[in-house]
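Here's the structure we're looking at; comments come further down.
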Amino acid sequence: MNADLIIANLLNPPVLFFLLGGLAVLVKSDLELPAPIPKALSLYLLLALGFKGGIALRENNDGLALPALCAALLMALATPIYAFPILRRRMTLPDAAAVAATYGSVSAVTFVTATAFLQRLGEPQSGYMTAALALMESPAIAVGVLFARLGQRNGDDMRSRFAVLLHEAMLNGSVLLLVGSLAIGYVVGGAGGESLKPFTEALFPGLLSLFLLDMGLVVGRRLGDLRRMGAFPIAFAFGMPLFNAALGMGIARLIGLPVGDALLFVVLCASASYIAVPAAMRQALPQANPALYVTMALALTFPFNVVIGIPLYLSVIAAFW
Amino acid sequence: MNADLIIANLLNPPVLFFLLGGLAVLVKSDLELPAPIPKALSLYLLLALGFKGGIALRENNDGLALPALCAALLMALATPIYAFPILRRRMTLPDAAAVAATYGSVSAVTFVTATAFLQRLGEPQSGYMTAALALMESPAIAVGVLFARLGQRNGDDMRSRFAVLLHEAMLNGSVLLLVGSLAIGYVVGGAGGESLKPFTEALFPGLLSLFLLDMGLVVGRRLGDLRRMGAFPIAFAFGMPLFNAALGMGIARLIGLPVGDALLFVVLCASASYIAVPAAMRQALPQANPALYVTMALALTFPFNVVIGIPLYLSVIAAFW
Amino acid sequence: MNADLIIANLLNPPVLFFLLGGLAVLVKSDLELPAPIPKALSLYLLLALGFKGGIALRENNDGLALPALCAALLMALATPIYAFPILRRRMTLPDAAAVAATYGSVSAVTFVTATAFLQRLGEPQSGYMTAALALMESPAIAVGVLFARLGQRNGDDMRSRFAVLLHEAMLNGSVLLLVGSLAIGYVVGGAGGESLKPFTEALFPGLLSLFLLDMGLVVGRRLGDLRRMGAFPIAFAFGMPLFNAALGMGIARLIGLPVGDALLFVVLCASASYIAVPAAMRQALPQANPALYVTMALALTFPFNVVIGIPLYLSVIAAFW
Amino acid sequence: MRAIKRIEIVTDALEIERVAQVLEQHGVSGYTIVPHVVGKGERGIRRGDELSGVFKNSYLLTTCDESQLPALIEAIRPILGQRGGICLVSDAWWVQH
Amino acid sequence: MRAIKRIEIVTDALEIERVAQVLEQHGVSGYTIVPHVVGKGERGIRRGDELSGVFKNSYLLTTCDESQLPALIEAIRPILGQRGGICLVSDAWWVQH
Amino acid sequence: MRAIKRIEIVTDALEIERVAQVLEQHGVSGYTIVPHVVGKGERGIRRGDELSGVFKNSYLLTTCDESQLPALIEAIRPILGQRGGICLVSDAWWVQH
Ligand SMILES: Nc1ncnc2c1ncn2[C@@H]1O[C@H](COP(=O)(O)O)[C@@H](O)[C@H]1O
Ligand SMILES: Nc1ncnc2c1ncn2[C@@H]1O[C@H](COP(=O)(O)O)[C@@H](O)[C@H]1O
Ligand SMILES: Nc1ncnc2c1ncn2[C@@H]1O[C@H](COP(=O)(O)O)[C@@H](O)[C@H]1O
Ligand code: NA
Ligand code: NA
Ligand code: NA
């Protein structure tokens, strides 16, 4: 693999700010972004991402959108199906279901970081990958909860919760903002979106850096929870992304996605959700332990992808494409 | 009227984000902008609006500033005077007074949206219209409370509250920030304000979109209150802006305002306050029911103006000018 | 001295917004920036300042960095040493120690305002001055607390607190963010930092204006505390900056700093801390009275430096260089 | 001053709406909520998740007559049983105005 | 531990300053305020208006000696009468330190 | 319903972590914290400093059995003695779920 890409990624300001956040927790500094700022930044990132994606979706359609979206949906549905039986051997039913959903769903921030990395490298990317991101947020949640339901006695109670869950998964604020902004970007198009560019594009790398600084703090604080975790979840949190990345690469090659889009697709497959999934699980599977599934996604898979995964995947793609 | 303008307005990103906010409430999504962000955005809009207005006021003085400001003051004072007797037939004294004040005062966000719309159309606008906005915020509050006082027994108590109210109305944070930024823009002028442009101008459409997304959420949540409201307040909330718009157009024509400024003036006349007025009424008329006057201004008049009113008024102006 | 510079400074939008904030308190307006926004703005300023400083540090090294940093460290250590005996005559031991630390440490906002002023005047400045700012935040705190410890009986308790304090002083969130951003800017360099420029540079004057608006409000609210303060603290709060500015100028002349850097160095010497010091003192010297040391730094020394001090120092420097 | 029962409930912020509905069904005149509190109990620490905004508690304070208490408690108990949290009852006097 | 009276007041955030002033006039040693609480009572739901920042409640906790109580209550009652809200009094023990 | 002791503590936000540790050392089952409250006491007004983020209080509510109370109070007292604040104890009933 290509050490230059790893270094290029490590010299990316957002990644460096992420590491700074982690360092701050390590040295027990009291640095923190006060309460609603991280939430506001994540809304900004989704809005900007969706809006740019919508404009791109309209302008550049190379016929690969449909296969890419189908592949995305497929991966989102398949991941929990093959992950669940593995997880179930070592975890309780609700925990296995929640972790399976976590890895089938995606991390918008990992995607956004890959996007910023491609932009630095001057590698083009398509708007429909943002649509793929939106598409992959929810299906795995439904699959995961379905597994939990099938395995449980009190089906009645679960049935009523299932409706709540579908609603929560599809109309979760983050998903809605992403999809809505995508639609708005599509509707107004490039000329109509010009006036928003300073907001959605010029500010993007800066606000992403600030957000990743906070992610570093959040991840750092979670690292303590790892001690209470067995070897299995830790192995899974690194193994699953690598497996999914390999699978994703094969699919991307088959479809014929260009390099940039292939990386984004792989990153979607390899990433795990720590926003949409906990929000839905709280409702649908309150028995699942968030200290397990959130910590795996957030403290292990997320930093692995952002620091090593993205350039690693890209260097493999570059070798095979 | 001109359907193209309506469509142009509907393709304006801020308006689309407003509709997205409304949609989010409709489908019961949990999308929300966390607590102080909307407030911070509204302060930003006032600061940027005032600052740009101040610079424009200094640079471009076409002799219409004084008549425009006099007309603005006149409309702000007259509106509650003719609105009150109509309202009093169907409402309690404090409610009628509060609603009269609401419609005599103005909505800065409606004004700002009209401003962004004109900018998209390339239609010029004058700095003194921002001064008119500032001028129209408070007088109607004083008139409304005066009516309530005249109709009430305990004049003594009201007298002491009247001083409090005048203070609240004139030195309300929003009004002060707008006027202060206007003054600062005027003092530093175009060259001195250059360094703030990326903040006050380039970011403006983006932050306005974000704020209107939140306004859509707020309005959507208020829509439920409409059911408990009679037909009269609803009719008033649409009728009054139309009447005031017509009146405002006549005055703008008489003074000879150019198209852009005429639209802004009409929008000021047609809009209703939901920030300055509640803040003052809480002190001066605690007996008035905010579920009535805030809901009328916010859930009916505001969306009507932003979505339909602005392009409608402009198309009429375009026809007569 | 040069009246033009004073006026140029007063026509600087950030300074005008600072005065607007003070005015708002004076007229009892309810204008306020809601809770975490000021904190978020201060984090932004530190991040942007550090990042820009790091890039500048890498690109432009004129051999003056080392002497400048040594001089900065010296002033930070010396100031509390000569300030403490003067203060001790009229104040309790903990208060004298805390005030000594306050004036040995620095105000990042004053520094940033000087930076913006230089930029308006087109005067160049070096990246290592930002490093000097970071370097001067903590040492005075250690010296101040050492004095308090030497004068107190219960040395044992103090010893344990001293470790806590050093940690707090060095790894305080603000200091860490500044130093971390400096390091990141240095590592990525000019080309690597290009993508963050709209965030760290274009927005800077605007967000500084917004922050200074809030500082005006904060200072205004503190002015009431001055009445309860004797003449001595007030005299000290003006005398110490002037003395330190004179001393700083001499040192800057000796080292041969260019005009811009000389001003920044003088501003560091003349400014007093109201963020890092209270955060550390709460832990290390809880007996010291914040109504004394914070009010001196915030309500007297800060506005003095921002409104009069910066142009005054520059006009003297301009005369002697 | 009238003797009343003072009830405090801490539970998941999401469930507090359901608690409030139960109160209204039982004719309780009013309540006050602190929307975001940090807590520790059997389910570990709950300080509100920074990213997803979930896992936070709310605190609710209300009052009722002694006669209303048993029915109210029976209605609230299952919610707490499902989602965790506590309910404390104490004596107080209501200052009439 | 010393027996004291524990007083809780919920009212319009704006009026809480006036309540605090009344407390100080009556020589009450200290108090604690939760600045922003959501409430429901006779005047409907009050959750703080997002735009104008008005219509929100505050919660105040304080203590006094039994002897101070009657005068204090008489002073607070009119404020609550005008603006709404509640005042609860209960028994507690103050842990001296 | 089981009779328990209800304990409320208000002190510097920084010290509240130490108080929580003490509670856990004494086997207290749970607690709830309002992280940021405004207060007035012997040390003047504490409303949280806007710039440095210091000088703010937290409020903690917890419960214990009558038998645990004396030891708990002895452990908390020195913290309050050093940093200020109050500790109130009252009677309540715990609603079992
Ligand atoms: N003894 C207690 N005193 C005060 N609050 C408690 C207590 N036990 C539990 N809580 C609160 O109730 C929430 C849920 O409790 P649990 O279901 O036991 O995890 C906790 O997060 C605390 O906020
Ligand atoms: N029974 C109650 N228990 C707790 N809080 C109450 C109660 N009644 C009223 N409140 C609080 O007092 C505020 C004003 O009450 P009201 O004047 O009745 O609308 C409400 O918004 C609640 O926060
Ligand atoms: N009588 C009281 N009632 C309620 N809270 C109090 C009381 N006395 C003190 N406090 C709280 O305890 C904090 C510290 O008190 P002190 O150490 O007396 O300054 C104050 O800021 C208040 O929040
Ligand atoms: Na995935
Ligand atoms: Na109007
Ligand atoms: Na200094």
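The values are calculated or read from the model by the stated rules, or taken from the named source; none is laboratory data. Because the structure is a prediction, the values reported are computed rather than measured. Positions of Cβ are generated from backbone atoms using ideal geometry, with glycine treated the same way; all protein chains shown enter the neighbour counts. The protein model used for the area step is the full one, side chains on, heavy atoms only, and it has no ligands, DNA or RNA in it. Shrake-Rupley method; radii C 1.70, N 1.55, O 1.52, S 1.80 Å.
Remarks
- Test: residue in segment E:65-78 that is out of contact with any Leu (no Cβ under 6 Å at 6 or more places or on another chain) and closer than 30 Å to B:VAL106 by Cα: no
- Taking (1) open to solvent by less than 30 Å² (accessible area, probe 1.4 Å); (2) modelled with pLDDT under 95 in turn, A:PRO303 satisfies each apart from (2).
- So D:ILE86, is it crowded, with 21+ Cβ neighbours inside 10 Å and of a type in the set (A, V, I, L, M): yes
Residues are listed down the side, and each one gets a yes or a no for (1) β-branched (Val, Ile, Thr); (2) open to solvent by 20 Å² or more (accessible area, probe 1.4 Å); (3) touching a residue at least 24 places away in the same chain (Cβ under 8 Å):
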| residue | (1), (2), (3) |
| --- | --- |
| A:THR115 | yes, no, yes |
| A:MET129 | no, no, yes |
| A:ALA148 | no, no, yes |
| A:GLN152 | no, yes, yes |
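Conditions tested, residue by residue: (1) part of a helix (DSSP H, G or I); (2) within 11 Å of chain C (Cβ to nearest Cβ); (3) surrounded by 19 or more Cβ atoms within 10 Å (Cβ to Cβ).
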residue	(1), (2), (3)
B:SER195	yes, yes, yes
B:LEU210	yes, no, yes
B:MET215	yes, no, yes
B:LEU242	yes, no, no
B:VAL277	yes, no, yes
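- For segment B:20-34, filtered to residues that are buried (at least 19 other Cβ atoms within 10 Å of the Cβ) and facing another protein chain (nearest Cβ under 10 Å), the residue that is nearest to C:PHE17 (Cα to Cα) is B:LEU33.
- Against the list (1) facing chain C (nearest Cβ under 9 Å); (2) at pLDDT below 95, the condition A:GLY54 fails is (1).
- Output for segment D:33-68, where each listed residue is more than 30 Å from A:LEU46 (Cβ to Cβ) and of a type in the set (Asp, Glu): D:GLU42, D:ASP65, D:GLU66
- Test: residue in segment C:279-287 that is within 28 Å of F:THR11 (Cβ to Cβ), in contact with a Ser or Thr (Cβ under 7 Å, 6 or more places away or on another chain) and in contact (Cβ under 8 Å) with a residue 60 or more places away in the chain: yes
- Taking segment F:69-88 as the range and being charged (D, E, K, R) and modelled with pLDDT of 90 or more as the test, the residues that pass are F:GLU74, F:ARG77.
- Among the candidates D:VAL34, D:VAL10, D:VAL95, residue that is more than 12 Å from the chain's Cα centre (by Cα), surrounded by 19 or more Cβ atoms within 10 Å (Cβ to Cβ), more than 16 Å from ligand 6 (Cβ to nearest atom) and not polar (S, T, N, Q): D:VAL95
- Restricting attention to segment B:264-275, the residues that are open to solvent by less than 10 Å² (accessible area, probe 1.4 Å) and outside any helix (DSSP H, G or I) add up to 4.
- Any hit, segment F:17-29, residues being open to solvent by less than 60 Å² (accessible area, probe 1.4 Å), over 30 Å from C:LEU41 (Cβ atoms) and within 16 Å of ligand 2 (Cβ to nearest atom): no
- Residue in segment E:55-65 that is free of Cβ contacts under 8 Å to residues at least 24 places away in the same chain and more than 11 Å from ligand 2 (Cβ to nearest atom) present: no
- Qualifying residue in segment A:300-312 (condition: more than 14 Å from chain D (Cβ to nearest Cβ), in contact with a helix residue (DSSP H, G or I) (Cβ under 6 Å, 6 or more places away or on another chain) and farther than 21 Å from A:LEU118 by Cβ): yes
- Applying the criterion of at least 1 residues that are touching a Phe, Trp or Tyr at 6+ places or on another chain (Cβ under 7 Å) to the helices (runs of 4 or more DSSP H) found wholly in segment A:1-103 leaves A:3-10, A:36-59, A:65-88.
- Of residues in segment E:32-76 being assigned to a loop (DSSP other than H, G, I, E, B), facing chain D (nearest Cβ under 10 Å) and touching a strand residue (DSSP E or B) at 6+ places or on another chain (Cβ under 7 Å), the one nearest to ligand 3 (Cβ to nearest atom): E:GLY48
- In segment C:173-193, the residues that are within 7 Å of another protein chain (Cβ to nearest Cβ) and of a type outside the set (Gly, Ala, Ser): C:LEU176, C:LEU177, C:ILE184, C:VAL187, C:VAL188
- Residue that is nearest to ligand 1 (Cβ to nearest atom), among those in segment E:61-78 that are among the hydrophobic types (A, V, I, L, M, F, W, C) and more than 10 Å from the chain's Cα centre (by Cα): E:CYS64
- Taken over segment F:45-60, the criterion of being open to solvent by 20 Å² or more (accessible area, probe 1.4 Å) and under 11 Å from the mean Cα position of the chain (by Cα) is satisfied by F:TYR59 alone.
- Hits in segment E:77-97 - residues which are under 19 Å from E:ILE16 (Cβ atoms) and either in a loop (DSSP other than H, G, I, E, B) or not β-branched (Val, Ile, Thr) (or both): E:ARG77, E:PRO78, E:LEU80, E:GLY81, E:GLN82, E:ARG83, E:GLY84, E:GLY85, E:CYS87, E:LEU88
- Top-ranked residue of segment A:282-300 - restricted to ones that are part of a loop (DSSP other than H, G, I, E, B) and open to solvent by less than 30 Å² (accessible area, probe 1.4 Å), ranked as nearest to A:ARG149 (Cα to Cα): A:LEU285
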